[in-house]
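Let me begin by presenting the structure, written as C-alpha cells, before commenting on it.
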Amino acid sequence: MQFITDLHVHSKFSRATAKDLDLENLYLTAQKKGITVVGTGDFTHPGWYSEIKEKLAPADEGLFKLKDDMRAHFDQHVRPACRGKVRFILGAEISNIYKKNGKTRKIHNLVFFPDMESVEKFNRILEKIGNIKSDGRPILGLDAKYLLEIVLETSPQAFLIPAHIWTPWFSILGSKSGFDSIEECFEDLTPYIFAVETGLSSDPSMNWRISGLDGLTLVSNSDAHSPSKLGREANLLNTELSYSAIKSALHSGDPEHYLGTFEFYPEEGKYHLDGHRKCNVRLWPQKTKEKGGICPICKKPLTLGVLHRVQELADRPEGIKPKHSHPYYNIIPLTEILSEILMVGPGSKKVKHNFDQLIDKFGPEFRILHSLELDLFENSGLPLLREAIKRMRCGKIDLSPGYDGEFGKIKIFNPAERENLLGQKNLFSVPIPSSHHNIEKFEEFKLCDPKISKEIRQSAKAQKQKVASSQKDADAQNNFPGTLEKLNLEQRLAVQHPAGTLLIVAGPGTGKTLTLTYRIAHLVSQKHVSPQNILALTFTHHAAREMHHRLKMLLPNTKPLPLATTFHSFCFQILKEYENTNNAFTIIDDYEQTYFLQKALDALKQDNIHIPLKAPKILDKIIAAKQRMLEPQDNLESVAKKYEVENIAIVYQTYQKLLSIFGHYDYDDLIFRIVRLLETDKSFEIKCRDRFQYILVDEYQDLNHGQYRIIRALSPTGKNLFVIGDPNQSIYGFRGSEVRYFKRFLQDYPDAEIIHLKQNYRSTQTILDASFQVISASGCGTDVESRVFSKIIGVKKLSIIEAISEKAEAVSIGQCVEKMVGGIGFYSIDFDKIDGTEEDMSQSFSDFAVLYRTRGQGDIIADVFHKAGIPCQVANREDAIYKKGVAEIVSFLKVIKGIGSYPDLERIIDLTGIEISAKFLNKFSAWGLRNGLQLSQALQNIRHFTFERMKEKDRLTFDGFLLKLSAMKSQMQKMNLEKKTKYILENPVLPPTEKKKENLKTASGHIVGIMREFRSREFEFLSQIALESDTDIYNPQSEKVTLLTMHAAKGLEFPIVFIAGCEKGFVPFQRSNRKTEDLNEERRLFYVAMTRAKKRLFLTYAKKRMVHGQTVNRKLSPFVKDIEKKLRQHETPYIYRTNTDLAVQLKLF
DNA sequence: CCTACGTCACTTTTT
DNA sequence: GTGACGTAGG
C-alpha cells in the first residue's frame, strides 16, 4: 500500500517543544495530515518511554498503534474524511558531541528499533554513557561511529540515519561541526549507513551534486517540535505496513517501494544562504566567497548556509540527476497557503477555521497538497486556492531564502496578481510569475555558476594542500631558524642567548615550554651541541612529555633527542646506571611507604621503643628530614622538635634499613641519594658534569633544597645554565619548595642575565586583569615585574555563581557545561544581559575543566556529573592507580616478575578474593621481614614459615594460592606486558566478584595506556610506576570534562575553567580551627588556577557545605573579593530559575 | 582472646 | 559521614 511516513519527530520531553506534543496528539495530527507511520521520537527519555509503553500496543510487525481503548476515545475528534490508520515506529535522535581528528564534532543521528526489548537494552547502554534523562534528544560525548556500533549490536534489525545532514551546527556534513564525508565519520561501518536525512534546508537536487551520497536513500522528515509541524517534510512509500518492509524500502531504495519525498522549499529553511541575522546580512555563497567569508558589517566570520556547504562539497554541476534517484515534491504547509490567501497570520483563527473546513471536505492535508485534482478546488469556497496549489505543485513561487537561523519566506502571489485573479477570474490571462521573480530585491543572491564554484573549490583545495605540504616540509627538515618567526622578541632573545647563565621570569601563558624547547633546538641545530650533553628538567611527567614531543617536532632528524625528564626520573635513571642494575631496586609509592614505616614501628615496639605519634605524621617528619638532606644520625631537632618526637631518629633509621634490605627507594631517597653521590663521589660528579654540560630547568621556582643542591652540583659556575620560572606560581612549599632559591639565583650566579616574558598568549585580558588583582592585593610580596598582558579580547567579566550547597554547586556547573556543549546559547537563555562576544558553539566536553582545592570536592562533582551523564575524568592518581584495580594488576605483575614486595602480596590477595586472614598474612610478612627475605625468597622458603597456633586450614588455603600463582607464572613467562595483563584478568586465582571484575576491566584499559610508553621495558615500568602523577593520568584526547586539583592543573590550560569552592576555608585553605599555613602560597595557588582559563572563567561557591559531617555556613572567598566588582558578574544559577522544584532538579542529576 | 559498639578526630596540596 | 581506637562484655 502507498502511505506517507514522518520518521523524525520529538516529544514534549525535548527542549523547546510544545507541551501538547504527546502520543495522542501525534495520533490525531497524523490523521489530519494524512500520515500513516510516525516516529515516536525521544524513546531514550525515561518519561517518554514509559508513555510509549503505557499507551502503545504492538500492531503490524515492528510497528505500534495507540491502544484500542484510547483510540476509541480520540477517534470522535477526527473528521470522517481524515480517518485512517496510524502506526508508530520506535525512533529517537541522539546528539553526538565529540572530538575526532582534532575537531569538535556535533552530529545528530536518528536511530530506529523494531521492538521494545531492544529499546530498553539500548537505553540501558546509553544510560551508562550519558544523561538520557535531561532531554528527549540526549547529548552524548560519544563518537557517532560507536553509537552505530552500539545500535547494531543491540539489534540486527535496528538502523541509524544521520539527521538533517547539512545544518551547520549539528550535522554530519555541517560546516561548523561535521565531516567532509560519511566515510570520515563512520569509517569501516559506513556500509551500514543506507539513508540520510536531507533536512529542511536542502532538497534532493542539492544532494545529487555530491557523488559521495550516491546509493544512499535521501529521506525527509519534519523534525517536528509541535504537533502542527508534523509532516512538513515526509516520505512516500509503497510497501506493506511493517518495520522490516519500511527498512528494506529505505535500504534498497527500490523505486517500486520508495516513491520519493515531500520537501520544504529549501529556501524556506533556516540555514539556506549565508549571512548574519544580527547584521541583516544575507549573501549567496558566491558573494560570501568574494568577501572572504567575513561579514561586511561586523567583520566576523559569516554563518555559512547549507547551499554554501553543498557547493563546497559538490563534485557535480547543478541539475545533474544520478541514476538511482527518487522523485520529490515541493510542498508548502496548507496553513501557510491559507495565511497568504486570507492575508492573515498562519496561526490565526481564520486560517484554522478554513483549514478544518478544507480537510473536512477534501480529506487530509497531504491529499489536498499533493494528490487531489486541481479542478476539485473550484468549489472550495476559496477562489485563490486552486491557483495557489497549482503554483506550489509546479514550483512557481517567490522565495526569500532563509539564513543564519532565520526561516525563509515564500510568496505565492504579489498584490497585482491577487487583484487580477480575484477581479477577472480569468486565470489564464495572468502571467505566471517566474521563480525568484523579485530579482531586484535579491540581486545579491544570484546563484553563481557551478563551474566557477567548482574552480574556486579546487583552487581552495590546492591552496590548502600547499599550506599543508609546506608545513610538512618545514617540519621535515631541521630548518629550525626559520621557525623562530613564531617567537616574540623576548622569547627570541632567550633562545639565542649566548653561552652563560640565564634566568627567565615568565608569567602564565607566556610560552615557557615553547621557549625552553626552542632553546634546546637552537643549541643542537645552531650551536652544534651534542644532544647527549643537554639535560632538561621538569617537575611533572606531563611537562617532560610535552617537551619531548615538541623537541621531536623541532629536531626530527636528531637521534637520540636530548634528555627531557623530571627530577625524580632523572635521579632514578642515573642512580640505576650508578648501581649497575645488578642491585635491582624499585620506587615505592606512599602506600608502601606507610606500610614499611608501620613495619618499622612494629619492630621497634617489640624492642619496647615507643613513639608517641601515628605513622603518617612520623612519615612526614622523615620526609622533611630527607628533604633537608638530614641522615638519621644527624641532629633532627629542627624536624622533630615541633612535636617533641622522641626516637624519631631510630624510626628513620629502621625504616631506611627496611627499604635498603628490599631494594626500595622512596621519592625523596632519589633526590637524597643523588645529592649525596654528587657531593661525595668526585668521579661521579665529574662524570655527570661532563655529560650534562647544558642544563635547562623548567618551573625553577618549585625547587626544593635537594633539587637545588643537584643543580648547584651539576652547574657550580652556571655556565650554560638556563632556568625559567615564575615566582608567582610557587605552590609547592609544603613539599619543601622554596621561592628563596629562585630569588637567590642572581646571588648564586652573579653573572646571570635576566629576561622577562610578559606577552601572554593564553587568556583574555579580563582573566589576566582579575588574576593580577588577586595576586597583587596588599602585602603579598608579589613580583609586579612579572605581570603579563594579552591581546585576546573576550567576555568582559568573570562569572561568579553562588549555590545553596556543594551538590547544588556541582549541578550548576554541570548545567553550564551541558548548555555550552549542547550549543544552546548559554547566555541568551539564562543570563539576559551580557556584554561580550557571540556565543561560541564549538565547545566540546574536553574544553572544560573544574578545579578545586581538595580532592574530596572532586568526588562530589564527579558523582553529580556521573549521574547527570556528563563525561568526566578525575585526574587523580589515587583513583586511577589504586581504586580501580590498577594497583592490583601492577602488584600482580610485580609478584609474578619476582620483584613484588609484601604490600604487593596483600594487594593481590585482595584481588583474588581468597580468604586468607589478615592475621596470617601479617605473620607471614613479619616473618619475612624479620628474616630479611625479599618476598620472592620468602615465598620460596614458605615451608620454613610457621608460627604458633597456625591453623591448618589457613596454611592449605595459602598453599593453594601459591600453587595457582606459580602455575600462572610459568604460563605467563613469555608474554609481553599487555598479554600478561590480559591473562591476569582472564585467569584470576579465584574468580573475583562482579564489581571487582568491572573495576579490573576499566583498570586494564588504564594500565595498557600507561604501559604503552614503556613497551617492552617491563621492568622499568613496574619499578617506576610510582612516579606517575595525577596529570599523567589525565588524557587530553578523551572527550571528557577534566576534574582536577588546583595543584594538578599547573601547566595545563582549558578554554573554559570553573573554580569550585571559592569559599573562605578552601580559598585560602584553612584546617579546622587552625591558621592558614602560608597565606601567600594560597594566593599564588588561586592565581595559578585562574590563569588556566583561556576564554571563560567561572568562580563558584556554596553557601552551605558539609564539613566533617556537619553542615557549615560558608562565605565567598576573600580572594574573590580582591577582584574589582566591574570584572565580576554574579549570576543566579540556572537551577533557581526553572519552574521545576530544586529537589527534583537535584534528583535528576 | 575476640567482638561489638561508642566516641572522637578528622580530610591540603604531590614527585 | 567515616574510620580508627578504646573499652566493655562474651
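For region A:962-967, the Karplus equation 6.51 cos²θ - 1.76 cosθ + 1.60, evaluated at θ = phi - 60°, returns couplings of 5, 4, 4, 4, 6, 5 Hz by residue, with Gly and Pro reported as x. For A:Ser14, the amide hydrogen comes within under 5 Å of the amide hydrogens of A:Gly136, counting only partners 5 or more places away or on other chains and with H modelled in the peptide plane.
Report the full-extension gain for the segment A:Glu1053 to A:Asp254: residue separation times 0.36 nm, less the Cα-Cα distance, to one decimal in nm. Provide the component values of the computation, followed by the final result.
Numbers: separation 799, 0.36 × 799 = 287.64 nm, distance 5.31 nm.
Difference between extended and current length: 282.3 nm.
For A:Lys65, the residues 5 or more places off, or on other chains, whose built amide H falls under 5 Å of its own are A:Ala57, A:Ala59, A:Phe88.
Mean separation of Cα pairs under 8 Å and 6 or more residues apart, divided by the residue count, gives region A:253-333 a relative contact order of 43 percent.
Each residue of region A:489-501 was assigned a 3J(HN,Hα) from its phi angle through the Karplus curve 6.51 cos²θ - 1.76 cosθ + 1.60 (θ = phi - 60°); the sequence is 4, 5, 4, 5, 4, 5, 5, 9, 4, x, 3, x, 9 Hz, with glycine and proline shown as x.
Shape class of region A:7-58 from the Cα gyration tensor (axes a ≥ b ≥ c, square roots of the eigenvalues): oblate, since a/c reaches 1.5 or more and a/b does not exceed b/c.
When a/c reaches 1.5 or more, the comparison of a/b and b/c decides; with that in mind, is region A:141-210 rounded, prolate or oblate per its Cα gyration tensor? In terms of gyration-tensor shape, prolate. How would region A:121-175 be classified by its alpha-carbon gyration tensor: rounded, prolate or oblate, with rounded meaning a/c under 1.5 and the a/b versus b/c comparison settling the rest? Oblate shape, in that a/c is at least 1.5 and b/c is the bigger or equal ratio.
When the chain is fully extended, how far beyond the present Cα-Cα distance does A:Arg744 get from A:Gln973, taking 0.36 nm per residue of separation? Don't skip to the end; give the middle numbers.
Details: separation 229, 0.36 × 229 = 82.44 nm, distance 5.34 nm.
Value of the extension gain: 77.1 nm.
A simple count of charges around A:Thr501, restricted to other residues whose Cβ falls under 12 Å of its Cβ and scoring Lys, Arg +1 and Asp, Glu -1, yields -2.
Karplus-derived 3J(HN,Hα) values for region A:1105-1114, using 6.51 cos²θ - 1.76 cosθ + 1.60 with θ = phi - 60°, are 8, 7, 10, 6, x, 10, 7, 10, 6, 10 Hz; glycine and proline are entered as x. Fully extending the segment from A:Glu117 to A:Phe789, taken as 0.36 nm per residue of separation minus the present Cα-Cα distance, adds 236.0 nm. Distances between placed amide hydrogens fall under 5 Å for A:Lys99 paired with A:Arg105, all partners being 5 or more residues away or on another chain.
Here, each number is a calculation from the coordinates, and none is a lab measurement. All values reported here derive from a predicted model rather than from experimental measurement. All Cβ positions, glycine included, derive from the backbone under ideal geometry; neighbour counts span all protein chains shown.
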